[in-house]
Amino acid sequence: MSKQFPTVLIDRFQRRVDYVRLSITDRCDFRCVYCMAEEMVFVPKRQVLTLEELQQVAQAFTELGVRKIRLTGGEPLIRTNVMGLVEDLGQLPGLEELVITTNGSQLQRLAVPLRQCGVKRVNISLDSLNPRKFRHLTRHGNLDQVIAGIDAAIGAGFDRVKINAVILKGRNDDEVPELVEFVRSRGIDLAFIEEMPLGNIVEHDRALSLCTSAELREIIGRRHSLQALDEQAEHAGPARYYGMADSPSRVGFISPHSENFCHQCNRVRVTAEGRLLLCLGNEHSVDLRAVLRGPDYSLDRLKQVIVDAMDIKPERHYFDNRGEPEILRFMNMTGG
Ligand code: SAM
Ligand code: SF4
């Protein structure tokens, strides 16, 4: 008889975990200054979970009550044969939301197939509308290509297209009003993310570059009156959303420094190497790849390891504002 497993994942603090962010590659065609060093050493390919292993991980989680999976990276859409994985995950019973975070570079080609495979929503990173500045911030990115990707996503009819922007003082904080006008003109959403001290970067001093959500709200408030949206309805995760009376666009703020949201954390992450990470701001983790590649592998064994891991999910993260890299792993390993 097969083993009975819980149909929901609950941690020690009685939080239900029903959301997994799956990093499907640590590689990327960009090198954003806040995310990666200019010269990166990527994980050897054999250490990255195969597409079949990723499918097993996703199946184990959904059988344990996970309802939402976000594909991320690195850049998820540069993974070879990514669409085969998306197609498989789109058919997992119990999975209500398959979503993706991307830098947009491949969306002209892939927006429609992603939608057809069941991806519901897409988050696209865009930190500048100035081609030169965009190139500096991403080191390799082409702004026209990303904007065409955003428009392809809008045309593909996702339930929601959202822009993610990381604002750095002295780099792109002057572009906050333009980014808001950009989403308003397209009727899509925008979320500002406070830069987090993940990975050791030398390109700028994170302590000096941090732009808090409160500062951003103040800048936007000069042009638009922001109305906080109903927490229950709109507070899907750590972002606090605001509406504007004259636009369907919503503006969200993700504030890991200034507004702690850990008490309602419902998520875990799986790194490209298959490390189940219980908190973005802590190192508590379990090696799922060892289970997947172990001699006695079974889906049940994987599920048991995931259930047991709930006991080590930390209560909260502590990012200080001095910009110290408390966590040495870069964001591309973890997935945003
Ligand atoms: N490559 C995809 C992209 O850029 O959207 C997906 C992966 S990326 C790591 C996911 C998100 O994390 C992006 O919106 C990016 O801006 C954000 N991010 C990366 N490094 C960050 C950091 N140190 N602090 C805050 N956000 C970061
Ligand atoms: Fe690549 Fe995304 Fe990191 Fe930029 S933020 S370097 S696009 S993984």
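For residue 162, list the lysines whose Cα falls under 30 Å from its own Cα; do not include residues on the same chain fewer than 8 positions away.
Correct list for residue 162: 68, 120, 133, 313.
Restricting attention to the alpha-carbon atoms of the chain, what are Rg (one decimal) and Dmax (integer), both in Å?
Rg, Dmax (Cα atoms, Å): 19.2, 64.
Taking loop as defined by DSSP and a crowding limit of 16 other beta carbons within 10 Å, which GluC sites (Glu not before Pro) in the range 30-138 fit?
Answer in residue order: 38, 39, 96.
Need the full-extension length gain, residue 311 to residue 80, defined as separation in residues times 0.36 nm minus the C-alpha distance. One decimal, nm.
The span from residue 311 to residue 80 would gain 79.7 nm if fully extended.
With +1 on each Lys and Arg Cβ and -1 on each Asp and Glu Cβ, how big is the dipole of the chain about its Cα centre, in debye rounded to the nearest 20?
The calculation lands at about 440 debye.
Would you work out which of 297, 72, 212 lies farthest towards the positive end of the dipole of the chain? Charges go on Cβ: Lys and Arg +1, Asp and Glu -1.
The one lying farthest along the dipole's positive direction is 297.
Every number in this text was worked out from the coordinates using simple rules, so none of it is lab data. Source: prediction; values computed, not measured. Note that each Cβ is placed from the backbone with ideal geometry, even for glycine, and that neighbours are counted across all protein chains shown.
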